[in-house]
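Beneath this line is the structure, given in structure tokens, with notes to follow.
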Amino acid sequence: MSRLGRHTERHLVARIGWLRAAVLGANDGIVSTASLIVGVAAAPGARPSEVLLAGAAGLVAGAMSMAAGEYVSVSSQSDTETADLTRERRELATDQTAEHAELAGIYRARGLDAATAAEVARQLMASYALGAHARDELGISEITTARPIQAALTSAATFSAGAAAPLLLTAFTPASLLAPAVSVGSLAFLAVLGAIGARAGGAGVWKAAARVTFWGALAMAATAGIGRLVGAVV
Ligand SMILES: [Zn+2]
């Protein structure tokens, strides 16, 4: 493979990382807020002000829950990575020979012959031993290094951006058209978002758009059904 080819490929992977997270966050925001709005609007006698209030509360609740969940998950990943690196650093300081054998064993398992594997391990450890062990033994690279606060803020922001779409539709649609306008409008947003994500990641656009639209429609149909049932009782 040419240098240029490898370069582009690496960029694509890096871009998918944050873009995927952003698209997923916005997706969550649209699906959960639109479903909430459609569910409350489906209840007989629901007032538009109540629907809007439910949607606004849903945006804040969802954004906070995404941030908290992301912070906890990424923090625990970060703790694990730190502990792994500390142990690795200690092992490298105390037993170079065993660590060299370990790394060479990894390269042999990937298909290098014994002499080449030993030489590759020797050269990599000579330049940056911890980096080589982190990458090839623990699977920790700079790209996957966890950043909890950044992840939490990104999740909350992308969720809110997605949730704002059905909320704005609710605010500017006449009460009689609320449920159809919010569901159709939100499905359109989902389809566009799915297509953008697929496009940037080099994947099939139609399939991705159909996938998110299907799950979005299912979610809204479920909450609309529940809203109608429970709304008729309470
Ligand atoms: Zn090691």
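The values are calculated or read from the model by the stated rules, or taken from the named source; none is laboratory data. No experiment lies behind these values; they were computed from the predicted model shown. All Cβ positions, even for glycine, are placed from backbone atoms using ideal geometry, and neighbour counts span all protein chains on display. These accessible areas exclude ligands, DNA and RNA; they are computed on the full protein's heavy atoms, side chains included. Shrake-Rupley method; radii C 1.70, N 1.55, O 1.52, S 1.80 Å.
Any residue at all in the stretch 186-195 that's of a type in the set (A, V, I, L, M), crowded, with 21+ Cβ neighbours inside 10 Å and within 16 Å of the ligand (Cβ to nearest atom)? No, the stretch 186-195 contains no residue that is of a type in the set (A, V, I, L, M), crowded, with 21+ Cβ neighbours inside 10 Å and within 16 Å of the ligand (Cβ to nearest atom).
Check whether at least one residue in the stretch 127-149 is in contact (Cβ under 8 Å) with a residue 24 or more places away in the chain, in a helix (DSSP H, G or I), within 16 Å of the ligand (Cβ to nearest atom) and more than 34 Å from the chain's Cα centre (by Cα), and report yes or no. No - not one qualifying residue is present in the stretch 127-149. Cβ-Cβ distances below 7 Å connect the following pairs, each with a first residue in the stretch 83-107 that is more than 15 Å from A126 (Cα to Cα) and in contact (Cβ under 8 Å) with a residue 40 or more places away in the chain, a second residue that is open to solvent by 40 Å² or more (accessible area, probe 1.4 Å) and within 10 Å of the ligand (Cβ to nearest atom), and a separation of six or more residues or different chains: D84/L138; E88/L138.
The number of residues in the stretch 188-221 being touching a residue at least 40 places away in the same chain (Cβ under 8 Å) and closer than 19 Å to T170 by Cα comes to 5.
Would it be correct to say that L177 is more than 22 Å from V72 (Cβ to Cβ) and either free of Cβ contacts under 8 Å to residues at least 12 places away in the same chain or not in a helix (DSSP H, G or I) (or both)? It is true that L177 is more than 22 Å from V72 (Cβ to Cβ) and either free of Cβ contacts under 8 Å to residues at least 12 places away in the same chain or not in a helix (DSSP H, G or I) (or both).
F172 - would you say it is aromatic (F, W, Y) and closer than 22 Å to L19 by Cβ? In short, no. For the stretch 101-121, the count of residues that are assigned to a helix (DSSP H, G or I), among the polar types (S, T, N, Q) and either more than 16 Å from the ligand (Cβ to nearest atom) or surrounded by 18 or more Cβ atoms within 10 Å (Cβ to Cβ) (or both) is at least one.
Scanning the stretch 45-59 for residues that are part of a helix (DSSP H, G or I) and surrounded by 14 or more Cβ atoms within 10 Å (Cβ to Cβ) gives P48, V51, L52, A54, G55, A56, G58, L59.
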